[in-house]
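Inspection log for the structure reproduced underneath, given as structure tokens.
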Amino acid sequence: MKRVAKNDKIGKENMKINVKISTNLVPSGNTTVPTKIELDEEKNTVLDLLRKLNDRFPHLKLIDSDQMGEDLRYVYVNGISHFDLPNGLKTNLKESDSVHVEIFMEPLAGG
């Protein structure tokens, strides 16, 4: 059996996590919900997932300095709120995990 070095990407695939997004307003762009987010094997925390979502939807503020951003309300991993997870946003994810992200954007009105 051949061992592959940790930094060697041969034969490794990125982890795919199914993410359900609920929001009071529809984010711009063409997105299907639930969506799949790919994470590198070395980056597999809830916070890493939120960073990926932030990259996909740059107009949303999901994280701010590794804390919850103003548009993020809740993150559930397998039905458990991130507030109740032992490591909060730094909780490690597995490919079999189900993640639900609740986003709330303040509607703007003007005149």
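The values are calculated or read from the model by the stated rules, or taken from the named source; none is laboratory data. All values reported here derive from a predicted model rather than from experimental measurement. Here Cβ is always computed from backbone atoms with ideal geometry, including for glycine, and neighbour counts include all displayed protein chains.
Here is the figure for the stretch 37-56: residues that are over 16 Å from ASN78 (Cβ atoms) and either in a helix (DSSP H, G or I) or at pLDDT 80 or above (or both) total 9. Apart from one condition, ASN78 fits all of (1) out of contact with any Asp or Glu (no Cβ under 7 Å at 6 or more places or on another chain); (2) at pLDDT 85 or above; the exception is (1).
Any idea how many residues of the stretch 57-97 are among the aliphatic types (A, V, I, L, M), assigned to a strand (DSSP E or B) and within 18 Å of ILE17 (Cβ to Cβ)? Full working, then the answer.
Quick first cut of the stretch 57-97, residues among the aliphatic types (A, V, I, L, M) only: 60, 62-63, 68, 72, 75, 77, 80, 85, 89, 93.
With assigned to a strand (DSSP E or B) added as a condition, the list becomes 63, 68, 72, 75, 77, 80.
Now restrict to residues that are within 18 Å of ILE17 (Cβ to Cβ): 63, 72, 75, 77, 80.
So the count comes out to 5.
Within the stretch 71-86, how many residues turn out to be over 12 Å from the mean Cα position of the chain (by Cα) and surrounded by 13 or more Cβ atoms within 10 Å (Cβ to Cβ)? Of the residues in the stretch 71-86, 4 are over 12 Å from the mean Cα position of the chain (by Cα) and surrounded by 13 or more Cβ atoms within 10 Å (Cβ to Cβ).
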